[in-house]
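The values are calculated or read from the model by the stated rules, or taken from the named source; none is laboratory data. Predicted model only: the values in this text are computed from it and were never measured. A quick note on method: Cβ atoms are made from the backbone with ideal geometry, for glycine too, and the neighbour counts reach across all protein chains shown.
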């Protein structure tokens, strides 16, 4: 009988490489927010995958990048801490973009780790032809040779069509040490509820915003509370949250004309939060200005970074 395995896998890659979508696909539920905006992920998200062969704790990291703000430096520090403490690493490189300087930057850092096995994951294969996928696989092989990194495996995949998702899960679990389950079978994440809800609101706020705005948006959930005096068959949960931006002009963008955009954000976020909580909610959103919060240590701490 095969011995049970358990441990941690870090999913890394440059911004917008498909890391969060892959984590969600492997877990089979939404534990990490996704967006076509780079650097969407700002926290270490742990998704939990339990199979008969093992239990895999997936660490979805912020995209490793050259930081331009204090927030960027702290996000990079999170990534480096995660890399130093995991059993195996999945390195995402999107099939719809050539392997470039950002990938080389990360691969060089991974090569310096030494013994931690690295599986190269060529994501988003559903967006390109087979010929392009073949080109990308060749580039990945060359990248490993260039930086002195020996891939444990190279796997093309699509989180959307689920092509090779089970294969990736099996390969990551096979690289874990022998050990017991770390979480109950039905757990899919160890993230605090308030953080998960805040991330779902931020995902809704990111949709369709201008280029400079995504990095300036932060969300803090102030309260999640079941409303009293409701009948058992008609529960309602009150969720109160603050959306922070850095400038008054950004506040105007998030709110929109006569509050139209904030209403759209609330409608989208409410649907996701109701699925998460399993109950109807009343979502109370407010937009605040925290000037240049990405560069201010005190405000970063207040916003949870």
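In the set (1) under 20 Å from residue 10 (Cβ atoms); (2) under 21 Å from the mean Cα position of the chain (by Cα); (3) buried (at least 20 other Cβ atoms within 10 Å of the Cβ), the condition left unmet by residue 158 is number (1).
Under the condition of being closer than 12 Å to residue 15 by Cα and touching a strand residue (DSSP E or B) at 6+ places or on another chain (Cβ under 8 Å), the residues counted in the range 92-112 number 5.
Here is a yes/no grid of residues against (1) out of contact with any strand residue (DSSP E or B) (no Cβ under 7 Å at 6 or more places or on another chain); (2) modelled with pLDDT under 90; (3) assigned by TED's automatic domain parsing to the domain that holds residue 26:
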{"site": "166", "(1), (2), (3)": "yes, no, yes"}
{"site": "209", "(1), (2), (3)": "yes, yes, no"}
{"site": "213", "(1), (2), (3)": "yes, yes, no"}
{"site": "222", "(1), (2), (3)": "no, no, no"}
{"site": "229", "(1), (2), (3)": "yes, yes, no"}
{"site": "232", "(1), (2), (3)": "yes, yes, no"}
{"site": "236", "(1), (2), (3)": "no, no, no"}
{"site": "242", "(1), (2), (3)": "no, no, no"}
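Scanning the range 129-151 for residues that are in contact with a helix residue (DSSP H, G or I) (Cβ under 8 Å, 6 or more places away or on another chain) and either free of Cβ contacts under 8 Å to residues at least 40 places away in the same chain or not assigned by TED's automatic domain parsing to the domain that holds residue 17 (or both) turns up 133, 144, 148, 150, 151. Restricting attention to the range 123-133 and to residues that are surrounded by 14 or more Cβ atoms within 10 Å (Cβ to Cβ) and in a helix (DSSP H, G or I), the residue that is farthest from the chain's Cα centre (by Cα) turns out to be 132. The set of residues in the range 83-116 being within 19 Å of residue 169 (Cβ to Cβ) and not in a strand (DSSP E or B) consists of 86, 87, 116. Only one entry in 195, 201, 173 is in a helix (DSSP H, G or I) and at pLDDT below 85, namely 195. On inspection, residue 74 fails the criterion of being modelled with pLDDT under 90 and either outside any helix (DSSP H, G or I) or touching a strand residue (DSSP E or B) at 6+ places or on another chain (Cβ under 7 Å) (or both). Here's a check for you: in the range 231-278, which residue that is outside any helix (DSSP H, G or I) and on the phi > 0 side of the Ramachandran plot is surrounded by the fewest Cβ atoms within 10 Å (Cβ to Cβ)? Going through the qualifying residues, I end up with 278. Of all residues being within 18 Å of residue 241 (Cα to Cα) and at pLDDT 80 or above in the range 290-304, which is surrounded by the fewest Cβ atoms within 10 Å (Cβ to Cβ)? Just the residue, please. Looking at residues that are within 18 Å of residue 241 (Cα to Cα) and at pLDDT 80 or above, I get 290. Residues that are farther than 18 Å from residue 18 by Cβ, free of Cβ contacts under 8 Å to residues at least 60 places away in the same chain, surrounded by 15 or more Cβ atoms within 10 Å (Cβ to Cβ) and in the same structural domain as residue 47 (by TED's automatic domain parsing) do not occur anywhere in the range 89-99.
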